[in-house]
Structures are given as structure tokens and as C-alpha cells.
Amino acid sequence: MRINCPLCGDRDSREFHYRGSAKLLNRPNGDAGDAAFHDYVYVRENTAGVNDDLWFHENGCRSWLVVARNVTTHEINSVKLAADIKRGGK
Amino acid sequence: MRYSAWEIFKNGLTGNKSWKPVWRNPEPKSHYDAIIIGGGGHGLSTAYHLAKDHGITNVAVLERGYLGGGNVGRNTTIVRANYMLNGNSQFYSHSLKIWENMEQDLNYNTMLSQRGCLMLGHSDGQMDGLARRGNMMHMQGDTDAELMSATAVKELAPYLNFDNPRFPIYGGLMHWRGGTARHDAVAWGYARGADMRGVDLIQNCEVKGFRIENGKVLGVETSRGYIGAGKVGMTVAGRSSQVGEMAGLRLPIESHVLQAFVSEGLKPVMDNVISFGMGHFYISQSDKGGLVFGGDLDMYNSYAQRGNLPMVEHVAEAGMALMPMIGKAKMLRSWGGIMDMSMDGTPIIDKTDIEGFFVNCGWCYGGFKAVPGSGSVFAHLMATGNYHKAADMFQLKRFETGHMIDETGNGATPNLH
């Protein structure tokens, strides 16, 4: 599997570290309550299709990436910088 | 038909003509007292225990493919109960006790071989950790745990590399009652036992949805039509999120692929199951002679029932580091199975907010050894509505209340458990 890093280009997936669902980018506010945090920390959609996941380009530019990947075929639809997504850009 | 030496003898003399199919292949009825979704080890074991322990025989097991075609048919067949934490400890101990009487109980040869599971230690700190684990196993009542010195391990397994510069072997914790079993036979034995007690095993029957009214489950929509049910139990590890979603359930589970490997058949070279945790490697030799070994998850979420090459390389490297002699053997096959990785590495066996709907999921990569225990406690929960004392800590709400059972201490990182 290869991941096309927006900064480094097409690289072997071994350079990257998988963290988990990209929902981790959207941490609830501190006063959001237990239910919101339970959902954020533990509950996963775990779709058998395209998932947005957080990957870290550990042996590269050390950027956090949001990778949209079909988890049944490992086909990667898009790779974006997590920082860009948080800023609301594309 | 009850299997016995006499039957083999009699059939041998009469041309083996009177053997019967081991289970029926019935059409689904319109209504059952209980439906189990998933005809794998856990589903078949649950159906068997519902019938045997609780007298509930109007039961169907619905299987999308064929019986035992999922993870019970694609694991590394290890049976053990060397867990440490309260919750896991009593459950796996309960399960191992059922394993020890399973063959007599099922009248089926599941080839349980209690050859001993050895966990290796590579530092003083790790040996202390293993001593603590062994003591906790003794406190649970599993007094077969034995802390072994490097000399004792060397006597048992002289072929290991004891002087690996990074991970020299300091000793290990032996769990003598652990071992291996014939995985398919476990599924077949439970299927036969359930069928003999009147359970309908329905294959090629995919669940497409649930009929739920006023918070109560009424039945399931399947590829073979609607089937009504008083109670529904879900044992579909690997696909729990999808089946759960049909009932509106959102689970603390992420699916990952775990690979396993087998070498060509060899003469007996190793007696025990050996796990080299620091190298992410464990190995045993099957009764056919193949070395069966595996490692860690591929580390990213996946529903593809195949693994990627980097982990093949990693496992092979770890194998070579531990026992260099395996370099002479050829790798025959590798395969991957989809694991329900729960957020604390511990299974979930619980009721849900939907009356009559029960879940059994999150087995991570420890589902095989749990097959008898899981069936026994899940049947107990479905039949009585009460938690079995061996599994009362596997509740879904533990993630809300902070009562996780996190054996590896990795927190909510399912790929690291």
C-alpha cells in the first residue's frame, strides 16, 4: 500500500503510522459532558467502505494526514493535511 | 449417531456405508424462540449451550456463508487462560475448564492438546511481570502456572536463540494447561451437538435487517425471508459494526486484519506453544507437522481478509530472531482474518437497550480459546437475562463508566491491544 503525501509525494505505507478515525480531530469542548466524550473516545462508525483516518507521516515530513481509504480494497481516494482540514480549507 | 471405537470398527467391516451426515440442512421456520446470528465458533457454542444448559431448543443459527467459515476456520488454534486482570481472568479460566471436558461432552474429537504455552521474558523487569501474572493465575485457581528459569526453558526448547543481543531469554512463564485444538473440529463438534438437540443450522442465510417495534426485537429480515424470534443474539465478530448498525447500535470497535502463517509439514521439532511477545511472534507445531505462527495486526483498520507484505516480513524476521532453525523451512500459506478490535482489548457480552437483542463481540484476536466459555455465558445471559458470574464485567457500558479491562494498558488504541 502506498500513500500519496501532499508534501512528500507517493510513499510506501511503512513510513506512516496509523492513529485511528479522523473523528479524533473534532474533540468536544471540555464542558460537553460524559456522553460526548464517550462517543469521541470510544465509539467508531467502522464502516466497511471508505473511512477517513488519521495517519502520521512518521518517517517523512511528520505531518498528520487525513487519508480517505476504502478499507475493503485499500484503495486511497484522497490524502489531505489534517492542519488544512482543521483550518477549514481544502 | 454416537461416535465410538465400536462404530469405527463396525463401519470399517461394513464398507463405511452407514455413516450419516453430521447435521441436517433445514429450511428456516417462521418463528424461533431464539435466533443466533453467525454460525462460527461462538454462535454454534451459544446455540449448543442454550439447548443443553437451558433446554431452549427451538433455536436457529443463521450463517451468511457456511458453518465455521469465518475466524474459527482461520486462526492459530491456541487455547490458554494466562490472563491477569479481574474480568478476563475468571472468564478465560471458566472457558479453559469447559475445554477440558469438551470432547467427552460433545462426543467429538476436537484434538485438544494441552502441550503448555510458554511466554518468554527478556529482562529482569519482564520476569517480575511474568511472576506477577503467574501469581494472579494461581489466585484465580489455575495453579499450573510455573515461572521458569532460562536453564529450564533451555531444557524444554534448546532450539531457541538464547543470546539474541536485543532480547536475550531470561526465562518464561509456562501455562501447562494451555495448548492447541483442532479449530474446525470445534465448530463441527458444536454444530453437531446443537443439531442433535434440535437447533436448526441455516447456512447461506444473510441477515439484512431487524424488525424492532416499541423497543423490542421481533425478528430478522434475511436473504431467505423474514424470521420471527423471541430473542436474538449476535455473534458475528469481524462484522459486528455492520450487523449492529442494522439494529441502530454503535459499538466501540474497529476492524483490523490479523495474519497467520504455516510452514511446510515437518517432523516434530517443538513441543509447546511459545510466544515471543517482545518480537510480536508466537509459534506452535500442528499435529500435521506444519509450524503455525503469527504476529501482530497489520496496524491499520481493514476489512480485507488478506494482509499486506510488510507484516509478513516483520513476522518472518521475528521468527528468525527467536528460532533461527525455521529459516530452513518454507512458508506454505498465509492468511488474514478480520478482528473486532475493541477499545480496551476485551470482549463485550451484554444485553442492549433493545429488549431481546443481545451482543457478543469485540473478541480482538483471542476469540478461539474463548469459544466454549463465550457460548456458555452468552447462552446464560440470553436464557436468564442475568450476567454469568464469569463474564459480568464484559458489559458495554464499561466504556461510559470507566471500567475498562485493558490488559495491555494501551488505552483507546484498538490496533495496539
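Results, tabulated for the structure shown:
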{"read-out": "Residue match in the stretch B:214-221 (condition: outside any strand (DSSP E or B) and on the phi < 0 side of the Ramachandran plot)", "value": "no"}
{"read-out": "Some residue of the stretch B:178-196 being in contact with a helix residue (DSSP H, G or I) (Cβ under 6 Å, 6 or more places away or on another chain), surrounded by 15 or more Cβ atoms within 10 Å (Cβ to Cβ) and assigned to a loop (DSSP other than H, G, I, E, B)", "value": "no"}
{"read-out": "Which listed residue is surrounded by 14 or more Cβ atoms within 10 Å (Cβ to Cβ), out of contact with any helix residue (DSSP H, G or I) (no Cβ under 7 Å at 6 or more places or on another chain), of a type in the set (S, T, N, Q) and in a loop (DSSP other than H, G, I, E, B), from A:Thr73, A:Thr47", "value": "A:Thr47"}
{"read-out": "Pairs where the first residue, in the stretch A:34-45, is within 11 Å of B:Pro252 (Cβ to Cβ) and the second is surrounded by fewer than 16 Cβ atoms within 10 Å (Cβ to Cβ) and among the basic types (Lys, Arg), C-beta under 6 Å, 6+ apart", "value": "A:Val43/B:Arg250"}
{"read-out": "Boolean, A:Lys90 is away from chain B (no Cβ under 11 Å) and at pLDDT below 95", "value": "yes"}
{"read-out": "Filtered residues of the stretch B:278-308 (kept if out of contact with any Gly (no Cβ under 8 Å at 6 or more places or on another chain), away from every other protein chain (no Cβ under 12 Å) and among the hydrophobic types (A, V, I, L, M, F, W, C))", "value": "B:Met278, B:Leu291, B:Val292"}
{"read-out": "Sole residue being touching a helix residue (DSSP H, G or I) at 6+ places or on another chain (Cβ under 6 Å) and either of a type in the set (D, E, K, R) or more than 8 Å from chain B (Cβ to nearest Cβ) (or both), chosen from A:Pro6, A:Pro28", "value": "A:Pro28"}
{"read-out": "Pairs where the first residue, in the stretch A:53-64, is over 19 Å from A:Tyr40 (Cβ atoms) and the second is part of a loop (DSSP other than H, G, I, E, B) and among the hydroxyl-bearing types (Ser, Thr, Tyr), C-beta under 6 Å, 6+ apart", "value": "A:His57/A:Ser63"}
{"read-out": "Residue check, A:Ser13 facing chain B (nearest Cβ under 8 Å) and more than 23 Å from B:Gly362 (Cβ to Cβ)", "value": "yes"}
{"read-out": "Residue identified as at pLDDT 95 or above, under 30 Å from B:Glu206 (Cα atoms) and surrounded by 19 or more Cβ atoms within 10 Å (Cβ to Cβ) among B:Met246, B:Met323, B:Met341", "value": "B:Met341"}
{"read-out": "The stretch A:66-83 - residue that is hydrophobic (A, V, I, L, M, F, W, C), touching a Phe, Trp or Tyr at 6+ places or on another chain (Cβ under 7 Å) and under 18 Å from B:Asn308 (Cβ atoms) and, of those, nearest to the other protein chains (Cβ to nearest Cβ)", "value": "A:Val71"}
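Results for (1) away from chain A (no Cβ under 14 Å); (2) of a type outside the set (Lys, Arg), shown as yes or no for each residue.
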{"position": "B:Arg192", "(1), (2)": "yes, no"}
{"position": "B:Ile202", "(1), (2)": "yes, yes"}
{"position": "B:Lys208", "(1), (2)": "yes, no"}
{"position": "B:Met246", "(1), (2)": "no, yes"}
{"position": "B:Gly265", "(1), (2)": "yes, yes"}
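This table checks each residue for (1) more than 26 Å from the chain's Cα centre (by Cα); (2) outside any loop (DSSP other than H, G, I, E, B).
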{"residue": "B:Trp19", "(1), (2)": "yes, no"}
{"residue": "B:Trp23", "(1), (2)": "no, no"}
{"residue": "B:Lys29", "(1), (2)": "yes, no"}
{"residue": "B:Lys52", "(1), (2)": "no, yes"}
{"residue": "B:Asn82", "(1), (2)": "no, no"}
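The values are calculated or read from the model by the stated rules, or taken from the named source; none is laboratory data. These numbers were taken from a predicted model, which means no experiment stands behind them. No Cβ is skipped: glycine too gets one built from the backbone with ideal geometry, and neighbour counts run over all protein chains shown.
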